[in-house]
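Take a look at the structure below.
The values are calculated or read from the model by the stated rules, or taken from the named source; none is laboratory data. A quick note: this is a predicted structure, and the numbers were derived from the prediction, not measured. Backbone-built Cβ (ideal geometry, glycine too); neighbour counts: all protein chains shown. Just the protein is used for accessible areas: all its heavy atoms, side chains included, with ligands, DNA and RNA removed. Shrake-Rupley method; radii C 1.70, N 1.55, O 1.52, S 1.80 Å.
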Amino acid sequence: MKNSELIQRDLSVLWHPCTQMKDHADSLPLIPIRRGKGIWLEDFDGNQYIDAISSWWVNLFGHCNPTINAALHDQLEQLEHVILAGFSHQPAIELAEQLIKLAPPGLTRCFYADNGASSIEIALKMSYHYWQNCGNTTKTKFVSLTNGYHGETLGALSVTDVPLFKKAYQHLLFDVFSVASPDCYHREQGESWQDYSHRQFQHMEALLSMQHENIAAVIVEPLVQCSGNMRMYHPDYLQLLRAACDKYNVHLIADEIAVGFGRTGTFFACEQANITPDFMCLSKGLTGGYLPLSALLTTTKVYDAFYADSPSIKSFLHSHSYTGNALACRAALATLNIFATDNILEKNKTLIQLLSDATKPLEEHPHVSEVRQCGMIVAIELVQDKKTRTPLPAQQRRHIKIYQSALSQGVLLRPFSSAVYFMPPYIITPEQITTIAQVAQSAIDSATRDI
Ligand SMILES: *Cc1c(COP(=O)(O)O)cnc(C)c1O
């Protein structure tokens, strides 16, 4: 079978995520993948691509990883899935135990769902419901950061601030307090990330001091606003936020869906600020990129507020059919096992340095205003004009040219309209790091040559 045949069949029945389907009919061919092995993807025509974005930030240890495959084969012979209400199973229990052990101290309960956005919905509902259960009925609002992203179901989209995803649905969404992001791309020349993050915190402090009686929770992506162009900020912001949430009796929801599992250098991003959120949302890397699963971790204090005689409106009755799927939990356990046995965080330190070295030269590029990095995430900000930092006009769609140029050189990048980024799986080799940096450079060159 060839690419062309599958493309034709696909386009007559499928509707793809995050895609204007007409692009595929016009100029942008779909790529049907026949197999994956390690960092490599291979299409039906035999072309190979380095998966430099971990298949949308989920894959940690490569495609068809032998360890995870073996665990899943074993689990398949025992139990594929069972209802998690009234019943339980070993992988769900073991995974909860291990996540709680790895998480910041004080997170003692694990609630499963099957995707990131659902874990956000659960965090929002649980926080809101907690205050109701405590008789605190005015605390009904949420605070989120500008440029933040928390998923695309209606609750998650309400706390998201990426116009591209949000605009069409504005009237369906609930109102939130939106606070200026600590995104350090906007710091003054010569100002440190730390100083800027402190300065930006004043907006949050001002809102909380005025509105805390109406606020259930603040939700943030710790350290990196990933879907918002991989914008980054200093851990001090999280520390200040934790202290303010305590002072004003407001929950802190840490959305670690993208930044968890070693992405920022530490196992969880919150560790860099030495804080424990009231809710922590996990997904993406949780199963090593194998199966859909998410986990919401919370505290004994929250759990206890729902613990009551039934029938009672105190119970948290949220459910999904596939809650705590056994295969997904088993893939997650195998993933955690690789972290422990292969000393991944320590090994990643070398990769993080290599990524830094390989992308440093791009700072000199006439259409790059900044190369920033947080652990295993590197972003290269593209501009029309380096001095004024004028962004590339989005309608020129130069990022699509970069995407196509990189693909033709055997690298899967998926640039935002104003930033190219790497979020590679942790099995990437030093040679492959050099390759993706060179390919990004040449793709940026060819897409900006006529400016
Ligand atoms: C991807 C993502 C989500 C949504 O997760 P899905 O599994 O795609 O629903 C939420 N928050 C952040 C920070 C994400 O990166």
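Inspect the range 93-104 for any residue being touching a Pro at 6+ places or on another chain (Cβ under 9 Å), farther than 30 Å from Gly410 by Cβ and either more than 16 Å from the ligand (Cβ to nearest atom) or in contact (Cβ under 8 Å) with a residue 24 or more places away in the chain (or both) and give the result as yes or no. For the range 93-104, residues touching a Pro at 6+ places or on another chain (Cβ under 9 Å), farther than 30 Å from Gly410 by Cβ and either more than 16 Å from the ligand (Cβ to nearest atom) or in contact (Cβ under 8 Å) with a residue 24 or more places away in the chain (or both): present. Away from the ligand (no atom under 16 Å from the Cβ), in contact with a strand residue (DSSP E or B) (Cβ under 6 Å, 6 or more places away or on another chain) and part of a loop (DSSP other than H, G, I, E, B) - does that describe any residue in the range 274-283? Among the residues of the range 274-283, at least one is away from the ligand (no atom under 16 Å from the Cβ), in contact with a strand residue (DSSP E or B) (Cβ under 6 Å, 6 or more places away or on another chain) and part of a loop (DSSP other than H, G, I, E, B), which makes the answer yes. Checked against the criterion of being in contact with a Lys or Arg (Cβ under 6 Å, 6 or more places away or on another chain), assigned by TED's automatic domain parsing to the domain that holds Leu79, open to solvent by less than 70 Å² (accessible area, probe 1.4 Å) and not in a helix (DSSP H, G or I), the candidates Ala308, Ala379 yield just one match: Ala308. The helices (runs of 4 or more DSSP H) found entirely in the range 139-258 that carry 1 or more residues being within 16 Å of the ligand (Cβ to nearest atom) are 154-158, 163-166, 236-248. Confirm whether Ala358 is in contact (Cβ under 8 Å) with a residue 60 or more places away in the chain, in a strand (DSSP E or B) and not assigned by TED's automatic domain parsing to the domain that holds Gln225. Against the criterion (in contact (Cβ under 8 Å) with a residue 60 or more places away in the chain, in a strand (DSSP E or B) and not assigned by TED's automatic domain parsing to the domain that holds Gln225), Ala358 does not qualify. Within the set Ala269, Ala244, the sole residue that is assigned by TED's automatic domain parsing to the domain that holds Leu297, touching a residue at least 12 places away in the same chain (Cβ under 8 Å) and crowded, with 24+ Cβ neighbours inside 10 Å turns out to be Ala269.
Against the list (1) touching a strand residue (DSSP E or B) at 6+ places or on another chain (Cβ under 8 Å); (2) touching a residue at least 24 places away in the same chain (Cβ under 8 Å), the condition Ile33 fails is (2).
Filter the range 125-138 down to the residues that are within 18 Å of Leu207 (Cβ to Cβ) and open to solvent by less than 60 Å² (accessible area, probe 1.4 Å), then identify the one that is farthest from the ligand (Cβ to nearest atom). By that ranking, first place goes to Trp131.
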